[in-house]
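A.B. asks: Quick one: the structure is below, and I'll ask about it shortly.
The values are calculated or read from the model by the stated rules, or taken from the named source; none is laboratory data. All values derive from a computational prediction rather than experimental measurement. Methodologically, a virtual Cβ is constructed for each residue, glycine included, from the backbone with ideal geometry; neighbour enumeration extends over all protein chains shown. Surface accessibility is based on the protein's heavy atoms, side chains included, excluding ligands, DNA and RNA. Shrake-Rupley method; radii C 1.70, N 1.55, O 1.52, S 1.80 Å.
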Amino acid sequence: INTEMNYWPSEVTNLSEMNEPLIQMVREVAETGKQTAESMYGAKGWVLHHNTDLWRINGPIDGSYWGMWPMGGAWLCQHLWEKYEYNGDRKYLASVYPIMKGAVEFFLSFLVKYPGKDWLVVCPSVSPENSPAAHSESSIAAGTTMDNQLLFDLFTKTIRAARILGVDQDFVAKVDEALHHL
C-alpha cells in the first residue's frame, strides 16, 4: 500500500523515469500473480495482496487483519494508466494493457453478488486500516468502499485503454456490465 502512495507524485512532478522500477515490478507481479489467482481462488487473471518482495510473492501474508486484502494489483494498475496519461505513448499503453486486462479478469472471476442485492462485491476482503466493527479483532468484510473505488477506477481505465487501442470489444462489454453492478 505504501508503494502506491510513494509513487503518486512521480508523473505530476515530471519524474516519469522514476516510475520505471515500479512499472517493471508490476509486470513481474502480474506474472507471479497468475499462479496465485488460480491456486488460491480458481480465478483467471492475476492478483496481488497487500505485500510483495524481491521474489514477487502475491499471496496473503502478515496476518488476516490486513493480509487478505486482494486489491494490490488493482491499485498498482493506476500507475500504469497514469504513466500513459502523461506520455500519450500508445506503444507503452499496448505493452501494459494486458496487465490491466489480467487484473480485471481476476476480479470478473472473483466478484460475488451481495446477498439480497444486485451488487457485485469483493469477498473476502478487508478494509486495510479500518475494521468493520469498532474494537473488533476481525477485519474480514464484503464490498468495502475502498475495494469499490479501486475497481471502479481499474474497470473504467481498462475500458478506456481497450477503446484507445481498438481491442477486445466483447471484453469491454463484460467489464462495462460488471461496472454497473459495483
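A.B. asks: What's the total number of residues in the range 1-46 that are touching a Lys or Arg at 6+ places or on another chain (Cβ under 9 Å), in a loop (DSSP other than H, G, I, E, B) and open to solvent by 90 Å² or more (accessible area, probe 1.4 Å)?
C.D. replies: Counting residues in the range 1-46 that are touching a Lys or Arg at 6+ places or on another chain (Cβ under 9 Å), in a loop (DSSP other than H, G, I, E, B) and open to solvent by 90 Å² or more (accessible area, probe 1.4 Å) gives 1.
A.B. asks: Working carefully through the options PRO115, PRO98, find the one that is farther than 29 Å from VAL12 by Cα, out of contact with any strand residue (DSSP E or B) (no Cβ under 9 Å at 6 or more places or on another chain) and not aromatic (Phe, Trp, Tyr). Spell out how you get there, then give the answer.
C.D. replies: Numbers: PRO98 fails: farther than 29 Å from VAL12 by Cα.
Selected residue: PRO115, the only one of PRO115, PRO98 that is farther than 29 Å from VAL12 by Cα, out of contact with any strand residue (DSSP E or B) (no Cβ under 9 Å at 6 or more places or on another chain) and not aromatic (Phe, Trp, Tyr).
A.B. asks: Let me ask something else. Can you tell me which of ILE159, ILE164 is open to solvent by less than 20 Å² (accessible area, probe 1.4 Å), assigned to a helix (DSSP H, G or I) and at pLDDT 90 or above? Break it down into steps so the answer makes sense when it comes.
C.D. replies: Numbers: ILE164 fails: open to solvent by less than 20 Å² (accessible area, probe 1.4 Å).
So the residue among ILE159, ILE164 that is open to solvent by less than 20 Å² (accessible area, probe 1.4 Å), assigned to a helix (DSSP H, G or I) and at pLDDT 90 or above is ILE159.
A.B. asks: Give the range 82-101 a look and list any residue that's part of a helix (DSSP H, G or I) and of a type in the set (D, E, K, R), or say none. Even if it seems obvious, please write down each step before you answer.
C.D. replies: Let us first name the residues in the range 82-101 that are part of a helix (DSSP H, G or I), namely 82-87, 90-101.
If the condition is that a residue be part of a helix (DSSP H, G or I) and of a type in the set (D, E, K, R), then GLU82, LYS83, GLU85, ARG90, LYS91, LYS101 are the ones that fit.
A.B. asks: Residues to consider are HIS79, HIS49; find the one that is within 15 Å of the chain's Cα centre (by Cα) and in a loop (DSSP other than H, G, I, E, B).
C.D. replies: HIS49
A.B. asks: Let me ask you something else. Here are the criteria: (1) part of a helix (DSSP H, G or I); (2) touching a strand residue (DSSP E or B) at 6+ places or on another chain (Cβ under 8 Å); (3) among the aromatic types (Phe, Trp, Tyr). Tell me which single one TRP69 does not satisfy.
C.D. replies: (1)
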